[in-house]
Structures are given as structure tokens and as C-alpha cells.
Amino acid sequence: MTPEEIQIPRKITTQLLHLAQISPDFEVCGLISSKNSLPSHCYPIQNIAEHPQKQFLLDPGQQISALSKIREQGEELFAIYHSHPSAPAQPSSKDLEMAAYPHVLYLIISLNTKGILEMRGFKIKDQTAQEIALSLAE
């Protein structure tokens, strides 16, 4: 059972949009942790994909380090985020293929629309994406 709507704190939303904006040519990526099901921290991770303009691959060392930090703080992995510099905020076929965590939210930030940043959330299981409504929380 997935929630009807997931609240993302304004602070985290602002941070994600900023990270995407300062890297307009390459996909940014990372993890978001939660405490008591509420998103709490953003962990930017280097994109080591061969073609970072159109795909992302989390740096394994940084990913392990972030996951350790999340556990140490008594938090859980809440979401994996990445940006699409020139594509809409929907999972690409590569995103669907590479999704390995069916219980976490996949957040995609798009810079595709001039002047408007778009962020959408998905649960991805068996290469099928289900969109989850997002709302801003204070």
C-alpha cells in the first residue's frame, strides 16, 4: 500500500532544485533519508555514469558512506533523487531498468521547462513506475 501523497519538506525541495540548477548539463543524484517516515536529510552523491548528461550512476563508495551515516543517525533510506537536464521529470527506460529499491521513492527533477523546475516522485518495481503525488511541507 502506497500513500496517496508524500510530503517533502520545503528545505529539502529547495536543496534538490538548487543542486539541479547548479549542474544544468549533468544529472545530479543522491539519497534522502527519513526519520519517522518524514524526509530529513539530503546526501548528494557524485554521478559517475559514463554519459552523465543523460543518465546517473551513484558513486558506490559515497553511496555506502551515506547509507552508513543514515543508519548511524537512526534514519532510513527514503528516496533516491536525480535530475534530468533536458528531459521531462519521468523515469527513462534506463531509470526503470536500474531501479533496485522498490520500497523507496524515486524523485526526478527536470530542468526541461524554461523557468519552471519540475519535481515528480515515483515508486518503481519490476521496471514499472507508479507516480506518487508530492506536496510541500514546512
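The residues of the chain present an accessible area of 57 Å² per residue when probed at 1.4 Å with all protein chains retained.
Only lysines eight or more places from residue 35 in sequence, or on another chain, were considered; those with a Cα closer than 28 Å are 11, 69, 123, 125. Excluding same-chain neighbours fewer than eight residues apart, the lysines reachable from residue 54 by a Cα-Cα span under 17 Å are 94.
Based on Cα contacts under 8 Å between residues 6+ apart, the stretch 56-124 shows a relative contact order of 30 percent.
Near the amide H of residue 45, within less than 5 Å, lie the amide hydrogens of 29, 30, 31, all on another chain or at least 5 residues away, with H placed in the peptide plane. The solvent-accessible area of residue 25, taken with every protein chain present and a 1.4 Å probe, is close to 100 Å². Note: relative contact order over the stretch 1-127, using C-alpha pairs below 8 Å and six or more positions apart, is 22 percent. Taking every DSSP beta bridge that has both ends in the chain, the antiparallel portion is near 70%.
The values are calculated or read from the model by the stated rules, or taken from the named source; none is laboratory data. Remember, it's a predicted structure, so these values are computed and weren't measured experimentally. Accessible surface is based on the protein model in full, side chains and every heavy atom, while ligands, DNA and RNA are left aside. Shrake-Rupley method; radii C 1.70, N 1.55, O 1.52, S 1.80 Å.
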